[in-house]
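Quick notes on the structure that follows.
The values are calculated or read from the model by the stated rules, or taken from the named source; none is laboratory data. Given the structure is predicted, the values throughout are model-derived calculations rather than measurements. Neighbour counts run over all protein chains shown; Cβ positions are idealised from the backbone, glycine included.
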Amino acid sequence: MTNILKVKISDRWYTVEVEDLTTSPIMTKVDGVLVEVTLEERVVETPKSQKAKPVALDTSHSAPKKQEDQVVETMPLAEPLASSIVAPMPGVVISVALAVGDSISKGDETCVLEAMKMHQSIRSDLDGVVSKVMIEAGQQVKGGEVMFELSS
């Protein structure tokens with residue numbers, strides 16, 4: 001079952017989709033981009049009639065004022081340029097189909113990533129000319145990592 005949350009981080013709202021809370025790190029989608037999230041568990045005291053529950057605390061901001069506050073720990077999101085092609089998921093680069101100077105159209109294959117033993121063809125959402133290639137075959141990439149920069 002997918003849980004969809006609205007999370008506010010530093011005055012910006014994100015839509016976060018979370019599926020399996022039993023894994024670590026937890027794979028989530030933040031505004032459509034895959035992000036790994038690691039939660040720190042801390043037990044909060046509750047009345048004896050209730051069981052204690054683990055609470056995720058945000059370690060990147062100042063500590064919550066009360067132990068009862070529940071905050072989701074986040075990792076900083078890359079702010080890719082509008083002319084960037086980013087990895088939609090973490091994985092290993094199997095092949096790179098572009099070089100600096102290549103023209104690319106929306107829908108063209110940019111590279112192939114292996115994630116969870118499956119090969120995924122990553123296609124461009126943009127038109128342009130490749131100005132920077134930031135990946136190579138065999139390299140591990142994180143979800144949201146910039147792989148290519150394009151110019152108009």
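Please specify each residue of region 141-152 satisfying the condition of being surrounded by 13 or more Cβ atoms within 10 Å (Cβ to Cβ) and assigned to a strand (DSSP E or B). If you could, list the steps in order and put the result at the bottom.
Quick first cut of region 141-152, residues surrounded by 13 or more Cβ atoms within 10 Å (Cβ to Cβ) only: 141-150.
Result: Val141, Val146, Met147, Phe148, Glu149, Leu150.
Per-residue answers, yes or no, for (1) under 24 Å from Lys29 (Cβ atoms); (2) out of contact with any helix residue (DSSP H, G or I) (no Cβ under 8 Å at 6 or more places or on another chain); (3) modelled with pLDDT of 95 or more; (4) of a type outside the set (A, V, I, L, M, F, W, C):
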position: Lys48; (1), (2), (3), (4): no, yes, no, yes
position: Ala52; (1), (2), (3), (4): no, yes, no, no
position: Ala87; (1), (2), (3), (4): yes, yes, no, no
position: Lys117; (1), (2), (3), (4): yes, yes, no, yes
position: Val146; (1), (2), (3), (4): yes, yes, no, no
position: Ser152; (1), (2), (3), (4): no, yes, no, yes
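Considering only residues that are modelled with pLDDT of 70 or more and loosely packed, with under 12 Cβ neighbours inside 10 Å, which ones fall in region 11-37?
Of everything in region 11-37, those that are modelled with pLDDT of 70 or more and loosely packed, with under 12 Cβ neighbours inside 10 Å turn out to be Asp11, Arg12, Trp13, Thr23, Ser24, Gly32.
This table checks each residue for (1) in the same structural domain as Ile26 (by TED's automatic domain parsing); (2) assigned to a strand (DSSP E or B); (3) touching an Asp or Glu at 6+ places or on another chain (Cβ under 8 Å).
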{"site": "Ser95", "(1), (2), (3)": "no, yes, no"}
{"site": "Ala99", "(1), (2), (3)": "no, no, no"}
{"site": "Thr110", "(1), (2), (3)": "no, yes, no"}
{"site": "Leu113", "(1), (2), (3)": "no, yes, no"}
{"site": "Ile122", "(1), (2), (3)": "no, yes, yes"}
{"site": "Val129", "(1), (2), (3)": "no, yes, yes"}
{"site": "Glu136", "(1), (2), (3)": "no, no, no"}
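Could you list, in sequence order, the residues of region 116-139 that are under 18 Å from the mean Cα position of the chain (by Cα) and exposed (fewer than 12 other Cβ atoms within 10 Å of the Cβ)?
Result: Met116, Asp125.
Being of a type outside the set (Gly, Ala, Ser) and surrounded by fewer than 17 Cβ atoms within 10 Å (Cβ to Cβ) is the filter here, so list the residues in region 97-115 that pass it.
Residues satisfying the conditions are Val100, Asp102, Lys106, Asp108, Glu109, Glu114.
May I ask you to say which residue of Asp69, Asp127 is on the phi < 0 side of the Ramachandran plot and at pLDDT 90 or above?
On the way: Asp69 fails: at pLDDT 90 or above.
After ruling out the rest, the residue left standing is Asp127.
Residues checked against (1) in contact (Cβ under 8 Å) with a residue 12 or more places away in the chain; (2) among the small types (Gly, Ala, Ser):
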{"residue": "Glu114", "(1), (2)": "yes, no"}
{"residue": "Lys117", "(1), (2)": "no, no"}
{"residue": "Gln120", "(1), (2)": "yes, no"}
{"residue": "Asp127", "(1), (2)": "yes, no"}
{"residue": "Val130", "(1), (2)": "yes, no"}
{"residue": "Met134", "(1), (2)": "yes, no"}
{"residue": "Gly138", "(1), (2)": "yes, yes"}
{"residue": "Gly144", "(1), (2)": "yes, yes"}
{"residue": "Glu149", "(1), (2)": "yes, no"}
